[in-house]
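The values are calculated or read from the model by the stated rules, or taken from the named source; none is laboratory data. These figures come from a predicted structure and were not determined experimentally. When we count neighbours, we look across all protein chains shown, and the Cβ atoms used for this are built from the backbone with ideal geometry, even at glycine. Accessible surface is based on the protein model in full, side chains and every heavy atom, while ligands, DNA and RNA are left aside. Shrake-Rupley method; radii C 1.70, N 1.55, O 1.52, S 1.80 Å.
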Amino acid sequence: METTLAILFDIVQILLNVLWWIIVVQAILSILIAFNVINTYNDFVSSLWRGLNTLTEPIYRPIRRILPDTGPMDFAPFVVLILIAIINYAVIPNLYVALAAPAA
């Protein structure tokens, strides 16, 4: 039972790490597009941009409803990264310890 639980928590941590990198890549791509270093006329850049937006928009939408409107600066990715870090480094290890502890 403990091994299965450890495997499940490892899978969740790996998926959170993948999501972390997807958000970081999207943020960098967003900055490069905003400063016209790269443009969306390139087919590869355009497909990558649309794909990353498709993956992250459902995560950002509820956070954007809560955050105040800050104009062109979008703080939703930063909030998501902080939440991922909290879940990955505080919640999951403590949850594993609590669930893996033998019942007294």
Exercise. Only one of Leu15, Leu8, Leu19 is open to solvent by 90 Å² or more (accessible area, probe 1.4 Å) and either β-branched (Val, Ile, Thr) or under 18 Å from Val79 (Cα atoms) (or both); which?
Worked result: Leu15
Problem set entry | Matching residues in the range 76-104 - criterion: being more than 25 Å from Phe9 (Cβ to Cβ) and open to solvent by 90 Å² or more (accessible area, probe 1.4 Å) | Phe78
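Considering only the range 29-75, how many residues are open to solvent by 70 Å² or more (accessible area, probe 1.4 Å) and among the polar types (S, T, N, Q)? Give the steps one after another, and end with the answer.
Going through the range 29-75, the residues open to solvent by 70 Å² or more (accessible area, probe 1.4 Å) turn out to be 31, 34-37, 41-44, 50, 54-55, 58, 61, 64-66, 68-69, 72-73, 75.
From what is left, the residues that are among the polar types (S, T, N, Q) are 36, 42, 54.
Matching residues across the range 29-75 total 3.
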For this session: May I ask you to list the residues in the range 1-58 that are touching a residue at least 60 places away in the same chain (Cβ under 8 Å) and over 20 Å from the mean Cα position of the chain (by Cα)?
Result: Glu2, Leu5, Ala6
For this session: Select from the range 67-87 the residues that are more than 16 Å from Ala27 (Cα to Cα) and either hydroxyl-bearing (Ser, Thr, Tyr) or modelled with pLDDT under 95 (or both) and list them in ascending order.
Result: Leu67, Pro68, Asp69, Thr70, Gly71
Problem set entry | helices (runs of 4 or more DSSP H) lying entirely in the range 35-104 (those with 2 or more residues that are among the charged types (D, E, K, R)) | 43-66
